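Everything below concerns the one structure shown next.
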Amino acid sequence: MEEYGVIGLFFSALISSTLLPGGSEVVLLYLATQTAENHGILWLVATLGNAFGGIITWAMGWWLLRRFPDKALDEVKHKRALGHIRRWGSPVLLFSWLPIIGDPLCFVAGWLKLNFFYSVLFITAGKAARYGLLLVYL
């Protein structure tokens, strides 16, 4: 039965990191305290799911730029993310785990065609650090 919890954690983390709301932290902490699952496995699964969701959001920005090249990023959250990314570059994606601004950061990074490798690296590092801190301070 615990394998379903890990699978659920992956999909919760994935959904939480796209433009849809989610609560992967609650699922992670529940599994860490209520099951015998290894915390390292939980950390890895949550990180991979959440990073994959961020990469999907990055790809959505990349794809939409090609599909609708004459459209501007008009939403306030996208303009704010655009300013941060233009100033700091792909390292700002370390903060892609933050609520409200994280998804637009990934989206705008794709829109701006930031280097895919560095984007994946920084998205994953930020999300791994967040889940690691949750488990350490459990």
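The values are calculated or read from the model by the stated rules, or taken from the named source; none is laboratory data. What you see is a predicted model; the values in this text were computed from it and never measured. Cβ atoms come from the backbone with ideal geometry, glycine included; neighbour counts cover every protein chain shown.
The helices (runs of 4 or more DSSP H) falling completely within segment 11-119 that include 2 or more residues that are farther than 18 Å from L134 by Cβ map to 39-67, 76-88, 102-111.
Evaluation of L138 against the conditions (1) at pLDDT 95 or above; (2) surrounded by fewer than 21 Cβ atoms within 10 Å (Cβ to Cβ) shows that the sole unmet condition is (1). Annotation: of all residues in segment 60-79 being surrounded by fewer than 15 Cβ atoms within 10 Å (Cβ to Cβ) and closer than 21 Å to V120 by Cα, the one that is farthest from the chain's Cα centre (by Cα) is R66. Quick one: would you say I100 is exposed (fewer than 15 other Cβ atoms within 10 Å of the Cβ), at pLDDT 95 or above and not acidic (D, E)? Here the answer is no, as I100 does not meet what is asked. For segment 5-34, which positions are in contact (Cβ under 8 Å) with a residue 40 or more places away in the chain, surrounded by fewer than 18 Cβ atoms within 10 Å (Cβ to Cβ) and among the aliphatic types (A, V, I, L, M)? Within segment 5-34, L19, L29 meet the criteria.
Just one of (1) free of Cβ contacts under 8 Å to residues at least 60 places away in the same chain; (2) under 18 Å from the mean Cα position of the chain (by Cα) fails for S119. It is (1).
Restricting to segment 35-54, name every residue that is touching a helix residue (DSSP H, G or I) at 6+ places or on another chain (Cβ under 6 Å), surrounded by fewer than 20 Cβ atoms within 10 Å (Cβ to Cβ) and closer than 17 Å to L14 by Cβ.
Our first condition is that a residue be touching a helix residue (DSSP H, G or I) at 6+ places or on another chain (Cβ under 6 Å); within segment 35-54, this holds for 35, 37, 39, 42-43, 45-47, 49-54.
Add one more test, that the residue is surrounded by fewer than 20 Cβ atoms within 10 Å (Cβ to Cβ), and what stays is 35, 37, 39, 43, 52.
Correct list: W43, F52.
Among the residues of segment 38-59, those identified as under 14 Å from the mean Cα position of the chain (by Cα) and small (G, A, S) are A46, G49, A51, G53, G54, A59.
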